[in-house]
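Here, each number is a calculation from the coordinates, and none is a lab measurement. These numbers come from a predicted model, not from an experiment. Backbone-built Cβ (ideal geometry, glycine too); neighbour counts: all protein chains shown.
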Amino acid sequence: MSLYNQRCAFCGLRIISADGQDIVDGGHIKPFSEFRDDRLVNGLALCKNHHWAFDHVWFGVDDDYRILMPEERFIEDPAVQSREIKAFGGEKIRLPKDQKFMPSIDSLEWHRKKWRIA
């Protein structure tokens, strides 16, 4: 998560407690349970909500690191101060500053094909 400055790559949320815990998870692009790939390029820093949504294929990321929103994947009634997930479609995800840790294009493509996002 430090590669992403403890920020969600999807929404930019960054919350760190006084004892250093943060709201961001390291999410695998290709599932670890299936591929045993724990390399940093097979990961994204995602807040709890967007980690769950990515794992359940509510969105994908294209080869330009833009968020893909499949049509009619879910119904949403956002909180007053929140943005709908669908509103992020087409936006670029936040990326690590160090290029060698960029998310793998192959893994992102696998994720899209596996779930027929694009």
Problem set entry | Structure-based [θ]222 nm, the chain - -39500 (n - 2.57) summed over DSSP H runs of at least 4, per residue, nearest 500 | -5000 deg cm²/dmol
Exercise. Hey, how many Å between the Cα centroid of region 15-66 and the Cα centroid of region 84-104?
Worked result: 11
Problem set entry | Cα Rg, Dmax (largest Cα-Cα span) when computed across the chain, Å | 13.8, 41
Problem set entry | About the Cα centre, charge dipole magnitude for the chain (Lys/Arg +1, Asp/Glu -1 at Cβ), debye | 200
For this session: Report the residues of region 82-118 in range of a label on Leu68: point 7 Å along Cα→C-beta, backbone N strictly under 11 Å from it.
Result: 108-118
Seminar exercise, completed: For 38-51, 8-21, ranked highest to lowest by mean beta-carbon neighbours within 10 Å, the order is 38-51, 8-21
Exercise. Roughly speaking, what is the stretch gain from Glu76 to Arg39, that is 0.36 nm per residue apart minus the C-alpha to C-alpha distance, in nm to one decimal?
Worked result: 10.0 nm
